[in-house]
Amino acid sequence: MSEILRVENLRKSYDGFLAVNGVSFAVAKGELKALIGPNGAGKSTCFNMLMGQLKPSAGEVYLDGQRITGKRPREIWRRGVGRTFQITGTYQSMSVIENVQMALMSHHKRIFSIAPRAWKLYRDEAMGFLDTVSMADQADRPCSVLAYGDLKRLELAIALCHRPRLLLMDEPTAGMAPSARIELMQLVADIVRDQGVSVLFTEHDMDVVFAHAHHIMVLNRGELIADGSATEVRNNPQVQEVYLGGGTLFKEDANA
Amino acid sequence: MLSVERIHSYYGKAHILNDLSFEVRRGEVVALLGRNGAGKSTTMKSVMQLLRPRQGQVTFQGRDLVGEPAFRVAKCGIGYVPEDRRIFTDLTVLENLEVGRQPRREDAPFWTQEQLFEIFPNLYERRANRGKHMSGGEQQMLTIARTLMGNPALLLLDEPSEGIAPVIVEQMAETIKTLKEEGLTVMISEQNLHFARAVADRAIIIEGGEKKFDGSFAELEAHPEIRDAYLSV
Amino acid sequence: MAFFFAQFLTGLANAAALFLVASGLSLIFGVTRIVNFAHGSFYMLGAFIGVVLMDLLPGHVGFWGAILLTGLAVGLIGALVEMVVLRPIYRAPELFQLVATFGVILVIQDLALMIWGAEDRLGPRAPGLRGVWRIFGEPVPKYDIVLIAITPVILFALWYLIARTRLGVLVRAATQDREMVGALGVNQAWLFTGVFALGSALAGLGGALQLPKGGADLLMDFNIIGAVFVVVVIGGMGSLPGAFIASVLISVLNVFGVTYLPQSTLVLMYVVMAVVLIVRPYGLLGREEVAGEHGQVGAPETPIRPYGPKGMALVAVLLALLALLPVFAEPFVLTLVVDMVVFALFAASLHFILGSGGLVSFGHAAFFGGGAYAAALLVYHTGTPMELAFLFAPLAAGLLALGIGWFCIRLTGVYFAMLTLAFSQLVWSLAFQWRSVTRGDDGLVNIWPAEWLSGDITYYYFALAFGIGGILVLRHVIHAPFGYALRAGRDSPRQAEATGIDVKRVQFAAFALAGAMAGLAGGIFVFSKGSVFPTELEIAKSFDALIVVFLGGVKTLAGGVVGAGFMTVVEDWLVRLEYWRLLLGLVIIAVVILMPEGIVGTLRTLWRRIRHSDEEAV
């Protein structure tokens, strides 16, 4: 059993429209795997089903052998899946460190306590997580003034609080400057290496995908058309036809 | 045709455009290049008056646009295709086109629904479908067709290649060339230099809301340091 | 059987006015995303203007002409309201717009009082349709049959307008993305005005059409708005056929209710609503609504902190002042302060779920009045000692909040708001109609504190201790993990859920706590006044709290308390004037437009501006 996540024949239809049509794949432990494809191919739908935001119409999802199909997001979180969002979801009215403290309060099952002062709880532990994503120096800034790239890193820290076994990252570098993209993905790669976390991510920036992913899957019109190494995927004629194109307008030269 | 003079635009307190000036001449395709966050979309919105510049002038065919509501800017002949497409997902393709429909203009090419279906055959096949059941590429086609229904003299295309499959990007390049041949003036904003070079006559590069380069692609080729400094290639 | 059928026809006829008002509300909401609370006021205006015009215009043509002219006139008034009041605040969060429309209600109420006086008007009969037709031997008024025929025609006309015309396409597009419609060359400001006028005209038509069956009076606005919300919630927000089906359902049920369960007519429709919502949370034909922004314009909220030494000192000084007040103040000042404390706790409890939780409740009076009634009923019927009855107030209100919350928390945004309002109307109708227990609008009287608390000064300290104690408890909870979790669920529900926070359960618990605290305020209130009437449960009471929170500032922790203090003083002064509602309404509208951050928020912004020189990076 070296698989952390196994997806079998996953389907989702919205009033007659098949958004995801029979997708099966697996993510190995310690793997950094990318899911790419054109907009509207069903990537986000897939992600939302894995994380429980959407109920699949059919198919199964297993986390480390346990069935998690259709469970609620917080139930899936409890079993060790963290996620970051395409559009960041942070608590705007709190400071940076309070965002992490909030996740830790949930981790330590303190959500319903009404006695202690929340901002005093787990401060040191939270600082540790902020340190991991190099955000410690911004700990006490209000979350609402952060730059976009910093919000993404904060979200990563939040996702790490529950010591996840699997991280789902929906377009982790969207909206970031190119240099920040490389930095963030390097950080993710380090976390994969140091903490044994597996990561599944979607991405539009092919530079990021080909530079960092161990394996790549391509989704098109709700169906998986490729699943393999970077070279395999790049040379797959079907992928070239529906997604990568002839390469004339694709800035592949950057990482060749 | 369009002249932007020393505009300053803000989002709340954030100063996004700083003393930006440029011109677009009739019949050309201009590419506005720059990184994410450089101010490209803000420039488009500032022309369209979806964001009102706090200082400076935007003049279109001799008319000052600053302070006009967006619908009047559209009526003056500027068509706007937003970055995030913003098609009406609950409406069918035909209804989406209907929203964009405006009377014929003397100074601009005239488009009928039939002509647009010739340029975008996919849309004809899906004419009765609701917008939400379309792929990203089809949505991108629809949003352009919808804006063309307004018979604009100048088309603003905000990041047309963003988030769509490279193979569709190639089609998009062909489409823009077709539009140019029909006599439309086009301004696109892009991060993808290859795409921009394939369709545009001239490049304007901005960074941090300021203009860093304005010239032909040949000139840009001659100065690789500009490209390296301001574009993510 | 024939009797049943005749009853059914009466129900169908009654549905006409309800459907017209509800469809107008739905239409306006669809495009502008504004729940127009003043819609009942347009209905009332329709009735009054209809009476006047019918007097002026004789005969068949005059009658029907008067109805159409009424629709036109109310449509124009609607357009005026839209242009003056709503246009400046379309970009503001939804709470703003709701508060503004509530201001419109107050203004129209007093204007109607000024123009038409306090007396009820009887509606004229429709010429040529005075008698009855016999259907299966049962008499059915001719006018009813005409109404039954008209309603589907209007439904069809509206459907055609929305589904088949260019205007309808534009309206539906604007429902989804107003700004984009503008960028495509459509003047959406006029589109909005047009839709608002059309919706208002429908309400006006409804008011005029029901005249031969009813009349015109000054209570019509609030009386219909509860039913309209029930219709819209049952039918599904934004669905015209849904509004039609629900109007018929409610009206027919109401007719049968009058015949068979005359004590429960008002309650019945809320029961139906509850049943529908258990099965279909977004109504029969509705779709899930995405919640709008809950907050207030201005800078984003800053992280909260308990008061530093300076703030603590200020609070301590204030408390000391209040404690010393009986030494030098007149008794009426003490009463005013008790009122203030009661109101402050009530407002703080609403502010707790609204500000920290993002739950805009329109029915908070249910818990205030519920607590007051719970204590009063115990004293009145069982002679329970006051101390016990007083403690029962927050307990009962908390339980009530658990019950109501169970239905409401599942929904968000306007659905949540309207459902809370409908439930508070349910509680109100119980108090109003269950006369054998509650004595109806005679109220429960002689509910006085225990002997040892009965002095003015003693009760003042008692009220102070519990009122301020309650406020401090709420403040403490906001700073505790639970309060943080509540804000987390408001700021980003998906992140909260993805990190293990059960957002709905947190909100449910917060709703119950807020209910209990409102009940505590009700308990203090009832023993200070010695009586309680159904007015404490009215929509207007819920709105008082909303407005106070809003005036104080949603984004500030002290907003509710400061707003309550301000409002108590202002109201004490205003109600001495004859047309105080008009003034209050205008003040509310002005604040919404001119001071959108509320009192505390505006003061804070000013303070920051003053200190700006020595404060850089933050």
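A compact table of results
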{"item": "Looking only at the stretch C:200-241, and only at residues there that are over 19 Å from C:V51 (Cβ atoms) and touching a Ser or Thr at 6+ places or on another chain (Cβ under 8 Å), the one that is most open to solvent (accessible area, probe 1.4 Å)", "result": "C:G238"}
{"item": "Given (1) part of a helix (DSSP H, G or I); (2) without any contact (Cβ under 8 Å) to a residue 40 or more places away in the chain, number of the condition C:V342 does not satisfy", "result": "(2)"}
{"item": "Residue within the stretch C:460-473 that is on the phi > 0 side of the Ramachandran plot and within 11 Å of chain A (Cβ to nearest Cβ) present", "result": "no"}
{"item": "Qualifying positions in the stretch B:146-176 - under 12 Å from B:G136 (Cα atoms), outside any helix (DSSP H, G or I) and in contact with a Phe, Trp or Tyr (Cβ under 9 Å, 6 or more places away or on another chain)", "result": "B:P160, B:S161, B:A165"}
{"item": "Positions within the stretch C:470-507 being open to solvent by 30 Å² or more (accessible area, probe 1.4 Å) and of a type outside the set (D, E, K, R), in sequence order", "result": "C:L472, C:V473, C:H476, C:P493"}
{"item": "Wholly within the stretch C:81-184, helices (runs of 4 or more DSSP H) carrying at least 3 residues that are assigned by TED's automatic domain parsing to the domain that holds C:W64 and touching a residue at least 40 places away in the same chain (Cβ under 8 Å)", "result": "C:94-116, C:142-164, C:166-176"}
{"item": "Spans of helices (runs of 4 or more DSSP H) in the stretch C:507-618 with at least 2 residues under 17 Å from the mean Cα position of the chain (by Cα)", "result": "C:539-552, C:580-594"}
{"item": "Every pair of residues 6+ apart whose Cβ atoms lie under 6 Å, when the first sits in the stretch A:122-147 and is more than 19 Å from A:S106 (Cα to Cα) and within 13 Å of another protein chain (Cβ to nearest Cβ) while the second is of a type in the set (G, A, S) and open to solvent by less than 70 Å² (accessible area, probe 1.4 Å)", "result": "A:D140/A:S95; A:P142/A:S95"}
{"item": "Residues within the stretch B:177-191 that are buried (at least 23 other Cβ atoms within 10 Å of the Cβ) and either within 14 Å of another protein chain (Cβ to nearest Cβ) or more than 15 Å from the chain's Cα centre (by Cα) (or both), tallied", "result": "2"}
{"item": "Residue in the stretch C:77-87 that is open to solvent by 30 Å² or more (accessible area, probe 1.4 Å), among the β-branched types (V, I, T) and either touching a Leu at 6+ places or on another chain (Cβ under 6 Å) or closer than 20 Å to C:V107 by Cβ (or both) present", "result": "yes"}
{"item": "Residue within the stretch B:100-117 that is within 14 Å of chain A (Cβ to nearest Cβ), farther than 20 Å from A:A19 by Cα, under 20 Å from the mean Cα position of the chain (by Cα) and without any contact (Cβ under 8 Å) to a residue 60 or more places away in the chain present", "result": "no"}
{"item": "Number of positions in the stretch B:160-175 that are crowded, with 23+ Cβ neighbours inside 10 Å and either within 11 Å of the chain's Cα centre (by Cα) or of a type outside the set (A, V, I, L, M) (or both)", "result": "3"}
{"item": "Residue that is within 14 Å of chain B (Cβ to nearest Cβ) and within 23 Å of A:W77 (Cβ to Cβ), where the choices are A:L156, A:L184", "result": "A:L184"}
{"item": "Hey, A:P164 outside any helix (DSSP H, G or I) and touching a Phe, Trp or Tyr at 6+ places or on another chain (Cβ under 6 Å) or not", "result": "no"}
{"item": "Among residues of the stretch A:7-42, those that are in contact with a His (Cβ under 8 Å, 6 or more places away or on another chain), part of a strand (DSSP E or B) and open to solvent by less than 30 Å² (accessible area, probe 1.4 Å), counted", "result": "4"}
{"item": "Within the stretch C:395-447, considering residues that are assigned to a loop (DSSP other than H, G, I, E, B) and more than 18 Å from C:E538 (Cβ to Cβ), the one most open to solvent (accessible area, probe 1.4 Å)", "result": "C:N446"}
{"item": "Among (1) touching a residue at least 40 places away in the same chain (Cβ under 8 Å); (2) within 14 Å of another protein chain (Cβ to nearest Cβ) - the single one C:V549 does not satisfy", "result": "(2)"}
{"item": "Hits in the stretch C:1-44 (condition: in contact with a Phe, Trp or Tyr (Cβ under 7 Å, 6 or more places away or on another chain) and open to solvent by 10 Å² or more (accessible area, probe 1.4 Å))", "result": "C:A2, C:F5, C:Q7"}
{"item": "Helices (runs of 4 or more DSSP H) contained in the stretch A:43-120 and holding at least 1 residues buried (at least 16 other Cβ atoms within 10 Å of the Cβ), facing chain C (nearest Cβ under 7 Å) and modelled with pLDDT of 90 or more", "result": "A:73-78, A:96-107"}
{"item": "Answer from B:T89, B:T59 - the residue that is among the β-branched types (V, I, T), within 14 Å of chain A (Cβ to nearest Cβ) and surrounded by fewer than 19 Cβ atoms within 10 Å (Cβ to Cβ)", "result": "B:T89"}
{"item": "Condition check for B:G77: more than 9 Å from every other protein chain (Cβ to nearest Cβ), open to solvent by less than 30 Å² (accessible area, probe 1.4 Å) and farther than 25 Å from A:A174 by Cβ", "result": "yes"}
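The values are calculated or read from the model by the stated rules, or taken from the named source; none is laboratory data. Being a predicted model, the structure only gives us computed values, none of them experimental. Cβ atoms come from the backbone with ideal geometry, glycine included; neighbour counts cover every protein chain shown. The protein model used for the area step is the full one, side chains on, heavy atoms only, and it has no ligands, DNA or RNA in it. Shrake-Rupley method; radii C 1.70, N 1.55, O 1.52, S 1.80 Å.
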